[in-house]
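Student: Following this message is one structure expressed as structure tokens.
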Amino acid sequence: MNEFEQRLNEVENHLLHNDLDLGYRRLIDCVLDLGEKSFYQEIINYSDQYYSINSTDENKKNLALQLVEKLKLASPPTFHESEILISTKQVEKAYHRRNFKLHPITFNLQSREVVGLVGENGNGKTTLLRLICGELKPTAGEINYHFSDSKPFSYELKTKLVYVPQRIEVLYGSLMQNLQFTLACYDTNPNENWLLANVMLARLGLWPYKDLQWRQLSSGYKMRFELARTLLRRPKVLLLDEPLANLDILAQQIILEDLKFLSQSIRNPFGVILSSQQLYEVEKVSTEVLFLEQGKLKIQGDKDDLEGDFTIIEIDVNNSKDELLTALSKLEIKQIKFNGGSYIAYFDAEISMNNVFAEIGKSDLQVKYIRDISKSSRRFFVN
């Protein structure tokens, strides 16, 4: 079974289990991977039905399953293997008029990877992104772009490496008009322009708003639209500076899930470097985490390798510290800290979350929030 068939089977499973929203988005991914105009039109027709107030969930599911069967008969797209896109070697940046320095950083970005760049404001996240996109020149070290033979900072390179700053530009006109203009700027075939614009609006959940003006959108939908505009350029590398700022939890989750799925395209895979302070959400989709503190790379590695010598639990309770210590006394807490409204408790590594839950169940603790942060970069923010 090839990769395209596997993905169609995943879509089919989502639909059969009535997860219509995820099935719909992943179905569009398959259509985009195939890249055939006839299927662009098919998914546009289906989107009309999907958003129709007269269409039942059963009808949506059956129509989607019919489209899956048609896609199974098409010739599968060629799978492009993952490749290194960018490599940095001991890159650093010093500012002569500011008391800040980005210390040497070395890492690689591959296609289909989402690298989470985490840290509080003022620790060098934006500086690193601006170095990679060419807005700043490094004081020392080198940045290599493996996806293009073009010279650094050339127009051709910048068309494939897209930097989306935290403050996105103000746009005028409808969403549809803006996407068609973007496609026209990148020499998209006029016969495909309207089709691709509609498909991308559907993919990013903007179908009901395609005739609205940009200024009428909420912050979350503006970010989705910015992603739609960017993805139509078919980038190799996407740099996002705090895309989750000012978004609610649901909007954050949707955008991150979309980034993860879209970057893993069969036909047009790309790599993402995502800066954020929303550690827990970012870690769920990142293949690697880079943690910056005061301009220094404090931790780097696969998120599943970020493991220390302790089991570390973050817990918020309506009880005193003494009551918490008494309730968990059998587990022999090695250290406990109060950090930003919650307690951070350190146990021996062999203590599991289930052990903690068992002791809490025997106590009168009133738990408001609890999370295992042993493998989370959240633990590096503990004072």
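Student: Give the order of 326, 78 when sorted by the count of other beta carbons within 10 angstrom, beginning with the fewest.
Tutor: By the 10 Å Cβ count, ascending, the order reads 78, 326.
Student: Starting from the Cα gyration tensor of segment 308-381, take the square roots of the eigenvalues, sort them a ≥ b ≥ c, and report rounded, prolate or oblate (rounded when a/c is under 1.5, otherwise prolate if a/b is larger than b/c, else oblate).
Tutor: It is oblate, given that a/c is not under 1.5 and a/b is not larger than b/c.
Student: Tell me which residues come under 5 Å, amide H to amide H, from residue 117 once H is placed; ignore anything under 5 positions away on its chain.
Tutor: The list, which skips near neighbours in sequence, is 274, 275, 276, 290.
Student: Additional query: Can you tell me what percent of all Cα-Cα pairs in segment 3-56 are more than 13 Å apart?
Tutor: Within segment 3-56, distances greater than 13 Å cover 61 percent of Cα pairs.
Student: Moving to a separate point now. From the phi angles alone, apply the Karplus equation (6.51, -1.76, 1.60; θ = phi - 60°) to segment 242-252 and give each ³J(HN,Hα) in whole Hz, x where the residue is Gly or Pro.
Tutor: 6, x, 9, 4, 6, 9, 6, 4, 5, 4, 4
Student: Taking the Cα centre of the chain as the origin and placing charges on Cβ (Lys, Arg +1; Asp, Glu -1), which of 341, 34, 353 is farthest toward the positive end of the dipole?
Tutor: 341
Student: Still on this structure, please answer the following. Given the C-alpha atoms of the chain, compute the convex hull and give its volume per residue in Å³.
Tutor: Value for the chain: 182 Å³ per residue.
Student: Could I ask something else about it? Neighbouring Cβ atoms within 10 Å as the yardstick, rank 214, 207 fewest first.
Tutor: Ranked by crowding around the Cβ, least crowded first: 207, 214.
Student: Separate question: Give me the angle, in degrees from 0 to 90, between the Cα long axis of helix 57-72 and the longest principal axis of the Cα atoms of the chain, rounded to the nearest 10.
Tutor: Compared with the principal axis, the helix lies near 70 degrees.
Student: Grab the DSSP H runs of the chain that are 4 residues or longer, score each as -39,500 (n - 2.57), total them, divide by all residues and round the 222 nm result to the nearest 500 deg cm²/dmol.
Tutor: Taken over the chain, the calculation gives -12000 deg cm²/dmol.
Student: For all pairs of alpha-carbon atoms in segment 118-304, what percent lies in each bin of width 10 Å, listed from the first bin to the last filled one?
Tutor: The distribution over segment 118-304 is 8, 34, 38, 17, 3, 0, given as percents.
Student: Based only on other Cβ atoms within 10 Å, what is the fewest-to-most ordering of 24, 50?
Tutor: Placing the least packed residue first, the sequence is 50, 24.
Student: Another question about this same structure. Assign unit charges at the C-beta atoms only (+1 for Lys and Arg, -1 for Asp and Glu), then state the dipole size of the chain relative to its Cα centre in Debye, rounded to the nearest 20.
Tutor: In debye, rounded to 20, the chain gives about 1420.
Student: Could you state the angle between the C-alpha long axis of helix 3-16 and the longest principal axis of the C-alpha atoms of the chain, as a value from 0 to 90 degrees rounded to the nearest 10?
Tutor: 80
Student: Something else about it: Using only Cα atoms and rounding to the nearest 10 degrees, what angle (0 to 90) does helix 190-203 make with the longest principal axis of the chain?
Tutor: 30
No value in this document is a laboratory result; all are computed from the given coordinates. Keep in mind it's a predicted model, so treat the numbers as computed, not measured. All Cβ positions, even for glycine, are placed from backbone atoms using ideal geometry, and neighbour counts span all protein chains on display.
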